[in-house]
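A.B. asks: Handing you this structure, nothing more for now.
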Amino acid sequence: GLELSHCVGTNSLGPAMPWRSGGPCKMKRVRTVFKPEQLERLEQEFLKQQYMVGTERVDLAATLHLTETQVKVWFQNRRIKWRKQSMEQKAAKLSQFGVIQPASADSTDIKDHEEDTVDVEL
């Protein structure tokens, strides 16, 4: 499940940061660690369809003992990884034929899909 760490900004490494939302004692969500069996099933489902919505997502979350949000965020992050890999493969093929990609192409393509970037704090 979701776990929260101790207060951010109140450690001995530096002063509290009151300008951040939540005041000086903001709880930070600990990163979810998926079990290998959960990852295998999530990858299988991703190969079938890159978007998991509605009751399918609810059912998959229940089957894997995850929250619906965890499944949703995993799919969002996996789509970003998939797009990045696709762009890298395309760039590699183009470079084989001597076609040079502009350096900013990757960042432009990724910015077009910012709706998939996720920064979840609960």
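The values are calculated or read from the model by the stated rules, or taken from the named source; none is laboratory data. Owing to the predicted nature of the structure, the values given are computational and were not obtained by experimental measurement. When we count neighbours, we look across all protein chains shown, and the Cβ atoms used for this are built from the backbone with ideal geometry, even at glycine. Quick note on the areas: whole protein, heavy atoms, side chains included, nothing else; ligands and nucleic acids left out. Shrake-Rupley method; radii C 1.70, N 1.55, O 1.52, S 1.80 Å.
A.B. asks: Tell me which of these K72 doesn't satisfy, since it passes every other one: (1) touching a helix residue (DSSP H, G or I) at 6+ places or on another chain (Cβ under 8 Å); (2) at pLDDT below 95; (3) open to solvent by 70 Å² or more (accessible area, probe 1.4 Å).
C.D. replies: For K72, the failing item is (2).
A.B. asks: Taking only the stretch 35-69 into account, find how many residues are within 21 Å of R83 (Cβ to Cβ), modelled with pLDDT of 95 or more and surrounded by 15 or more Cβ atoms within 10 Å (Cβ to Cβ).
C.D. replies: Count: 4.
A.B. asks: So which pairs qualify, if the first residue must be in the stretch 70-82 and of a type in the set (F, W, Y), the second must be open to solvent by less than 30 Å² (accessible area, probe 1.4 Å), the Cβ gap must be under 6 Å, and the two must be at least 6 apart or on different chains?
C.D. replies: These pairs meet every condition: W74/L42; F75/M52.
A.B. asks: Moving on to the next point. Inspect the stretch 85-101 for any residue being β-branched (V, I, T), loosely packed, with under 11 Cβ neighbours inside 10 Å and farther than 16 Å from T32 by Cβ and give the result as yes or no.
C.D. replies: The answer is yes, given that some residue of the stretch 85-101 is β-branched (V, I, T), loosely packed, with under 11 Cβ neighbours inside 10 Å and farther than 16 Å from T32 by Cβ.
A.B. asks: Regarding the stretch 93-110, can at least one residue be identified that is among the hydrophobic types (A, V, I, L, M, F, W, C), part of a helix (DSSP H, G or I) and at pLDDT 60 or above?
C.D. replies: There is at least one residue in the stretch 93-110 that is among the hydrophobic types (A, V, I, L, M, F, W, C), part of a helix (DSSP H, G or I) and at pLDDT 60 or above.
A.B. asks: Another question, if that's okay. Identify all residues within the stretch 61-83 that are within 17 Å of L47 (Cβ to Cβ), more than 10 Å from the chain's Cα centre (by Cα) and of a type in the set (D, E, K, R); write none if there are none.
C.D. replies: Listed by number, the list holds a single entry, R83.
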